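Heads up, the thing below is written out as structure tokens.
Only the coordinates and a few stated rules stand behind these numbers; no lab work does. In this text the structure is predicted, and so the values were computed from the model without any measurement. Ideal geometry is used to build each Cβ from the backbone, glycine not excepted, and the neighbour counts take in all protein chains shown.
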Amino acid sequence: MKASLTHTPAGDEARDLCRQLLLSRGVRLPDLASLVHRLQSRFVPDLDAQECLDSILAVLGKREVCNALLTGIALDVLAERGALPEPLQSTMLRDDPLYGIDEVLALSVVNIYGSIGFTNYGYLDKVKPGVVGRVDRRGHAPGRCNTFLDDLISAVVAAAAARIAHSRSDTLAAAEPAAPAASPGQPAGAPPP
Ligand code: MG
């Protein structure tokens with residue numbers, strides 16, 4: 001990671017920064033891409049791993065996404081070092097469900113490709129599949145904190161899946177012409193009519 005950066009980058013530099021930041025917390029981009037595939041393949045039957053990874057990279061190239069990752073992960077790391085003021089320090093280490101700011105920060109990422117991202121995020125937050133569940137469990141080990149990370153990676157996956165839903169809406173319309181709007185407990189494929 002470039003320690004010399006004084007402004008949050010966009011584009012390729014942001015993608016590289018986000019990739020390194022996530023890797024430093026044990027999250028690999030192919031694991032996120034695999035969740036995008038899980039969310040979206042029922043709506044886009046020919047969806048492959050590369051398109052899912054490309055969509056993750058497109059999301060990570062946005063400056064506001066990079067800012068959200070930088071902020072949330074910095075707070076997780078500071079909590080692990082015991083460097084936050086109380087009551088924030090204890091709240092973060094407990095991953096207190098009433099804290100809520102981890103979800104608020106994630107929402108800044110969720111909606112960049114419209115409301116499909118919101119329903120996708122609700123599903124990931126509730127079910128915690130794959131790497132989301134692993135990150136959540138790791139964050140509850142003594143001295144560890146992933147209070148922001150689980151929400152942020154869910155948000156990146158949700159946005160990447162929404163991006164595919166919009167970019168492949170022609171395929172979607174052919175596959176499921178009468179698809180109902182998803183509830184917060186289900187992944188979403190198409191924008192509401
Ligand atoms: Mg959280």
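Globularity index of the chain is 1.02 (Cα radius of gyration / 2.2 N^0.38 Å, N = number of residues). Paramagnetic label reach from ARG28 (point 7 Å along Cα→Cβ; backbone nitrogen cut-off under 15 Å): within region 113-131, residues 130-131.
Counting only alpha carbon atoms, the long axis of helix 149-167 and the longest principal axis of the chain meet at about 20°. Here is how the number arises for the chain: DSSP H runs of 4 or more residues each give -39500 (n - 2.57), the sum is divided by the residue count, and the result at 222 nm is -19500 deg cm²/dmol.
Using R₀ = 45 Å, calculate the FRET efficiency as 1/(1 + (r/R₀)^6) where r is the Cβ-Cβ separation of THR8 and GLU86; round to 0.05.
0.95
Each residue, ARG42 and ASP96, gets one label point 7 Å from its Cα in the Cβ direction; the gap between the two is 3.7 nm.
Stretching the chain fully between ALA74 and LEU107 yields a gain of 10.1 nm (0.36 nm per residue, less the alpha carbon separation). In plain terms, the chain from ASP54 to SER169 could stretch by 39.7 nm, reckoned as 0.36 nm per residue minus the Cα-Cα distance. Could you work out how far the C-alpha centroid of region 11-27 sits from that of region 96-147, in angstrom? Cα centres, region 11-27 to region 96-147: 18 Å. Note on GLU64 and LYS128: the extension gain reaches 20.7 nm, defined as 0.36 nm multiplied by sequence separation minus the Cα-Cα distance.
Between 0 and 90 degrees, the angle of helix 101-110 with respect to the longest Cα principal axis of the chain falls at about 40 degrees.
Taking the C-alpha atoms only, the angle from helix 11-24 to the longest principal axis of the chain is near 60 degrees.
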